[in-house]
Amino acid sequence: MQSITQRLLTRGFGRPSGLLGRLGGRLMARGNAATEQHVVDLAAPTERDTVLVLGPGPGIGLAAAARRSAHVIGVDPSDVMLAMARRRCAPVIARGRLRLVSGTAARTGEPDASADVVISVNNLQLWPDLTAALAELHRVLRPGGRMVLAAHEKWLPTALPALAQTVRAAGFTSVRTWTWQPPTRMASTAALLSAVRGSG
């Protein structure tokens with residue numbers, strides 16, 4: 001049974017809902033902005049790349065990705081976050097550069113080998129089944145497609161070397177891990193992982 005604190009964190013950040021979800025979204029928009037932009041820069045999508053953004057929250061990373069790619073898909077399980085992202089990204093949605101869908105890391109609903117880039121910021125620690133999520137991301141990425149994940153280092157479900165091994169076991173290659181300190185006071189150290197889907 002979840003404690004009151006756990007329920008509040010889930011409604012504010014884990015699977016945002018109601019007033020707490022909207023407040024959590026505002027905090028995420030401020031606290032995650034630098035890391036969101038950094039991850040998009042690292043992934044370096046081109047205009048023709050299809051970019052899958054997992055757990056985009058209020059849409060900061062979506063907007064950054066849509067400035068570089070004409071084919072961005074945001075997948076989030078929270079209706080509150082999808083609504084916030086829809087408002088923030090209304091111009092690029094209207095131009096057909098962004099599509100928002102309800103889903104999770106383990107169930108994106110996207111076709112096999114349909115994405116060139118997968119990015120996710122500060123929600124890896126919320127995935128209930130990391131193995132299932134990585135299998136799904138491997139499925140939706142094209143061979144040679146790249147993935148960049150970031151999470152608060154202090155909230156990682158496992159140490160970075162163990163996470164890298166789990167990613168390799170899911171069929172990814174060229175796995176790299178490192179940490180990065182966002183240049184904002186309210187942002188904590190980010191743990192980063194990049195990988196490529198192998199040809200198998």
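The values are calculated or read from the model by the stated rules, or taken from the named source; none is laboratory data. From a predicted model like this one, the values you see are computed outputs, not experimental measurements. Here the Cβ is made from the backbone with ideal geometry for all residues, glycine too, and neighbour counts use every protein chain on show.
Matching residues to (1) of a type in the set (Phe, Trp, Tyr); (2) crowded, with 23+ Cβ neighbours inside 10 Å; (3) within 25 Å of ARG142 (Cα to Cα); (4) modelled with pLDDT of 95 or more:
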residue: SER17; (1), (2), (3), (4): no, no, no, no
residue: MET81; (1), (2), (3), (4): no, yes, no, no
residue: ALA90; (1), (2), (3), (4): no, no, no, yes
residue: SER102; (1), (2), (3), (4): no, no, yes, yes
residue: ALA115; (1), (2), (3), (4): no, yes, yes, yes
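Given the conditions (1) modelled with pLDDT under 95; (2) touching a Phe, Trp or Tyr at 6+ places or on another chain (Cβ under 6 Å), report the number of the one that ALA133 does not fulfil.
(1)
ALA151 fails exactly one of the following numbered conditions: (1) at pLDDT below 95; (2) closer than 15 Å to SER194 by Cβ; (3) among the hydrophobic types (A, V, I, L, M, F, W, C); (4) surrounded by fewer than 20 Cβ atoms within 10 Å (Cβ to Cβ). What is the number of that condition?
ALA151 satisfies all of (1) at pLDDT below 95; (2) closer than 15 Å to SER194 by Cβ; (3) among the hydrophobic types (A, V, I, L, M, F, W, C); (4) surrounded by fewer than 20 Cβ atoms within 10 Å (Cβ to Cβ) except (4).
Condition first: over 20 Å from GLU136 (Cα atoms), surrounded by 17 or more Cβ atoms within 10 Å (Cβ to Cβ) and more than 16 Å from the chain's Cα centre (by Cα). Now tell me which residues in the range 181-197 satisfy that. Full working, then the answer.
Here is the first cut: in the range 181-197, the ones over 20 Å from GLU136 (Cα atoms) are 181-191.
Narrowing further to those that are surrounded by 17 or more Cβ atoms within 10 Å (Cβ to Cβ): 182, 187, 190-191.
Correct list: PRO182, ALA187.
Which pairs have Cβ atoms under 8 Å, sit 6 or more apart or on different chains, and link a residue in the range 144-159 that is more than 17 Å from GLY57 (Cα to Cα) to one that is assigned to a strand (DSSP E or B) and basic (Lys, Arg)?
Final answer for the pair search is GLY144/ARG197; GLY145/ARG197; ARG146/ARG197; MET147/ARG197.
All but one of (1) in contact (Cβ under 8 Å) with a residue 40 or more places away in the chain; (2) over 14 Å from the mean Cα position of the chain (by Cα) hold for VAL167; state the number of the condition that does not hold.
Among (1) in contact (Cβ under 8 Å) with a residue 40 or more places away in the chain; (2) over 14 Å from the mean Cα position of the chain (by Cα), VAL167 violates only (1).
Determine which single condition THR166 fails, assuming it passes every other condition in (1) at pLDDT below 95; (2) touching a Ser or Thr at 6+ places or on another chain (Cβ under 8 Å); (3) not in a loop (DSSP other than H, G, I, E, B).
So the condition that THR166 fails would be (1).
Within the range 42-89, track down each residue that is of a type outside the set (Ser, Thr, Tyr), farther than 19 Å from ARG107 by Cα and outside any helix (DSSP H, G or I).
Of everything in the range 42-89, those that are of a type outside the set (Ser, Thr, Tyr), farther than 19 Å from ARG107 by Cα and outside any helix (DSSP H, G or I) turn out to be ALA44, PRO45, GLU47, ARG48, ASP49, PRO58, GLY59, ARG67, ARG68, ALA70, HIS71, CYS89.
List pairs: first in the range 180-197 and under 30 Å from ALA135 (Cβ atoms), second assigned to a loop (DSSP other than H, G, I, E, B), Cβ under 6 Å, 6+ apart or cross-chain?
Within 6 Å, the pairs are THR189/GLN181; ALA191/LEU156.
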